[in-house]
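The structure appears right after this line, and notes come after that.
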Amino acid sequence: MAIKPTTRESWLEAAVQELIPIFVKAGFAVPLCRVSCGFASTGARSGHIGQCWSTKASKDGINQIFVSPALEEAIEVLDTLVHELVHAVDDCQHKHGKEFKKIAIKLGMTGPMRSAGAGPILKEKLKEVAGRLGAYPHARLSVPMKTVTRSPRPRAKCRKCGFTVPMLKDFLHYGPPICPKDRVEMEAIGDWEIA
Ligand SMILES: [Zn+2]
Ligand SMILES: [Zn+2]
């Protein structure tokens, strides 16, 4: 490849062209696919590194593949792309079932099918492809995992009988209520911080 792709999309498109012969050699035709860098519909925090959409989901009947922005190593991206292209070959009909497995195994993929990736022989081929494509023109996007820690809701609990009630934020400044049974001031539990 004389001119190296300079955008993520052109790199991914060139990658598909490089991967097609590997599929053809194994006896599979790769359908037309749109490929781009993007999060799976399950969300940035789902940990899903790729996603393929069937021809039925796409208005013009062309498969669409997304490779997570969390990936930046060319080999990782190619590995994920091969996995998603297997879904495209199957037109996402059988998820990771035996039809998917048949194609994956023939290509030289290993591991549990949900996360099936290149085995040693296929990996060597991917390294050659990566060499021809050059570095993936992208920088890893790191998504902070679960930044919001939910504080326990404010409640009031009677020390004597254990009767517990949730408190409304607007009335926290009234202080804990009186237990209707024991007529004693209840204990404030949970987060009573008045924001
Ligand atoms: Zn999959
Ligand atoms: Zn009580």
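At-a-glance table
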{"item": "So E99, is it among the acidic types (D, E), within 21 Å of F23 (Cα to Cα) and more than 16 Å from ligand 1 (Cβ to nearest atom)", "result": "no"}
{"item": "The range 87-105, residues that are of a type in the set (D, E) and touching a residue at least 40 places away in the same chain (Cβ under 8 Å)", "result": "D91"}
{"item": "The range 108-143, residues that are at positive phi and either at pLDDT 95 or above or more than 16 Å from ligand 1 (Cβ to nearest atom) (or both)", "result": "G108, G134"}
{"item": "Residue count, the range 172-195 (criterion: assigned to a loop (DSSP other than H, G, I, E, B), at negative phi and near ligand 2 (Cβ under 10 Å from one of its atoms))", "result": "6"}
{"item": "Enumeration of residues in the range 112-171 that are over 23 Å from H83 (Cα atoms), in a loop (DSSP other than H, G, I, E, B) and aromatic (F, W, Y)", "result": "F163"}
{"item": "In the range 165-192, residue nearest to H48 (Cα to Cα) [restricted to those that are under 44 Å from the mean Cα position of the chain (by Cα) and without any contact (Cβ under 8 Å) to a residue 12 or more places away in the chain]", "result": "L168"}
{"item": "From the options A104, A88, A116, residue that is in contact with a Lys or Arg (Cβ under 9 Å, 6 or more places away or on another chain) and buried (at least 19 other Cβ atoms within 10 Å of the Cβ)", "result": "A116"}
{"item": "All positions within the range 163-195 that are over 14 Å from P152 (Cβ atoms) and touching a helix residue (DSSP H, G or I) at 6+ places or on another chain (Cβ under 6 Å)", "result": "I194"}
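The values are calculated or read from the model by the stated rules, or taken from the named source; none is laboratory data. In this text, all values refer to a predicted model and were calculated from it rather than measured experimentally. Glycine gets a Cβ as well: all are built from the backbone with ideal geometry, and neighbour counts include every protein chain shown.
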